[in-house]
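The values are calculated or read from the model by the stated rules, or taken from the named source; none is laboratory data. Bear in mind the structure is a predicted one, so any value in this text is a computation, not a measurement. In this analysis, Cβ positions are derived from the backbone assuming ideal geometry, glycine residues included, and neighbour counts consider all displayed protein chains.
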């Protein structure tokens, strides 16, 4: 027996209540989206449903969740103008309803799959806020009568999903601002000690080494004195960019303060850290700094190295030991590398070994 209008309204109210509860009880995006998509799937009972989201940085669409067969076929399905269903919804910001992909003239016949057998309706609803599309909810083989009757419910669930995504993105941006240096785009000193503490615990548990490089730009004050702080800030931003380019994905670079930087190399021995330090020193020697300016800047760096657990065993002690080695280089004439127990090791591996 079909549910009465009153039963259906009560069910929809319960869905709103459950989703609203999820939105107000957690900021975890996965938890909220799971609640929304589960309620939507239970109500509309599609054979396949998926959530496509747009990456905030690259603006590329990707499947964040998919349940049921045929997701790949759905992704390959194209309209007669060449756009995928998702691309059309993102471009127009409107819902796209295809009552039968096998008979609708909007669908490019060559992109139809054997999976779309029989009468196969598809509904694609934008997840949007403030006129901006954040993603697309796709439902395949749903009861069109249920959709027509409850179209507003589906759009409301999509709006709830948009609120969850927008909140999560805002929280992530705030978190990134709290740990990021504005000038260089690197992590800040506060975050260095947080990451170091985690790395000490992880390395102690699994018996790993890691190495910290502490780096100070030589005679950087001259740049500010001769060319001004705006030029100095541009140079610091270029240094941050170059450090990122010369590190592995698992490594992390930090602006410690002023013209001092730290580089964390997880699961890296002293020898591995020394190789990285020499590579960075060569980068300073060969890089053309501030190419858009009418003057030339030759930038060098003094680098100190400390390795866990050989040289120190706590975050503060590791930073202090690497800092001491950096100052040792400063006192010895700058533009070099120092290691505990070895002192100045030289920028060139062959010469240092001879």
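Is there a residue being crowded, with 17+ Cβ neighbours inside 10 Å, touching a helix residue (DSSP H, G or I) at 6+ places or on another chain (Cβ under 7 Å) and in a helix (DSSP H, G or I) anywhere in the range 132-141?
no
Only residues that are in a loop (DSSP other than H, G, I, E, B), touching a strand residue (DSSP E or B) at 6+ places or on another chain (Cβ under 9 Å) and in contact (Cβ under 8 Å) with a residue 24 or more places away in the chain: list them for the range 294-308, please.
Passing the criteria: 299, 300.
Go through (1) loosely packed, with under 13 Cβ neighbours inside 10 Å; (2) closer than 23 Å to residue 348 by Cα one by one and return the number of the condition residue 239 breaks.
(1)
Within the range 180-189, identify whether any single residue is in contact with a strand residue (DSSP E or B) (Cβ under 8 Å, 6 or more places away or on another chain), outside any helix (DSSP H, G or I) and within 29 Å of residue 131 (Cβ to Cβ), and answer yes or no.
yes
Here is a check on your reading of the model: is residue 69 in contact with a helix residue (DSSP H, G or I) (Cβ under 6 Å, 6 or more places away or on another chain) and either farther than 13 Å from residue 136 by Cα or surrounded by fewer than 19 Cβ atoms within 10 Å (Cβ to Cβ) (or both)?
no
Could you please give the count of residues in the range 164-210 that are farther than 29 Å from residue 233 by Cβ, surrounded by 17 or more Cβ atoms within 10 Å (Cβ to Cβ) and more than 19 Å from the chain's Cα centre (by Cα)?
Residues flagged as farther than 29 Å from residue 233 by Cβ, surrounded by 17 or more Cβ atoms within 10 Å (Cβ to Cβ) and more than 19 Å from the chain's Cα centre (by Cα) within the range 164-210 amount to 5.
Free of Cβ contacts under 8 Å to residues at least 60 places away in the same chain and in contact with a strand residue (DSSP E or B) (Cβ under 6 Å, 6 or more places away or on another chain): is that true of residue 112 in this structure?
Here the answer is no, as residue 112 does not meet what is asked.
What number goes with the only condition from (1) in a strand (DSSP E or B); (2) touching a residue at least 40 places away in the same chain (Cβ under 8 Å) that residue 33 does not pass?
Status for residue 33: all satisfied but (1).
Within the range 154-161, identify whether any single residue is assigned to a helix (DSSP H, G or I), touching a strand residue (DSSP E or B) at 6+ places or on another chain (Cβ under 7 Å) and modelled with pLDDT of 90 or more, and answer yes or no.
Looking through the range 154-161, none of the residues is assigned to a helix (DSSP H, G or I), touching a strand residue (DSSP E or B) at 6+ places or on another chain (Cβ under 7 Å) and modelled with pLDDT of 90 or more.
Does the range 268-278 contain at least one residue that is surrounded by 15 or more Cβ atoms within 10 Å (Cβ to Cβ) and touching a helix residue (DSSP H, G or I) at 6+ places or on another chain (Cβ under 7 Å)?
For the range 268-278, residues surrounded by 15 or more Cβ atoms within 10 Å (Cβ to Cβ) and touching a helix residue (DSSP H, G or I) at 6+ places or on another chain (Cβ under 7 Å): present.
For residue 226, are the conditions met, namely being more than 24 Å from the chain's Cα centre (by Cα) and closer than 25 Å to residue 329 by Cβ?
It is true that residue 226 is more than 24 Å from the chain's Cα centre (by Cα) and closer than 25 Å to residue 329 by Cβ.
Quick grid of which residues meet (1) farther than 22 Å from residue 337 by Cβ; (2) in contact (Cβ under 8 Å) with a residue 40 or more places away in the chain:
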residue: 178; (1), (2): yes, no
residue: 182; (1), (2): yes, no
residue: 185; (1), (2): yes, yes
residue: 189; (1), (2): no, yes
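Any residue at all in the range 78-93 that is surrounded by 14 or more Cβ atoms within 10 Å (Cβ to Cβ), part of a loop (DSSP other than H, G, I, E, B) and touching a residue at least 60 places away in the same chain (Cβ under 8 Å)?
No, that holds for no residue.
Those residues that are farther than 24 Å from residue 244 by Cβ, assigned to a helix (DSSP H, G or I) and in contact (Cβ under 8 Å) with a residue 24 or more places away in the chain, I need them from the range 309-320; list them, please.
Scanning the range 309-320 gives a single hit, 316.
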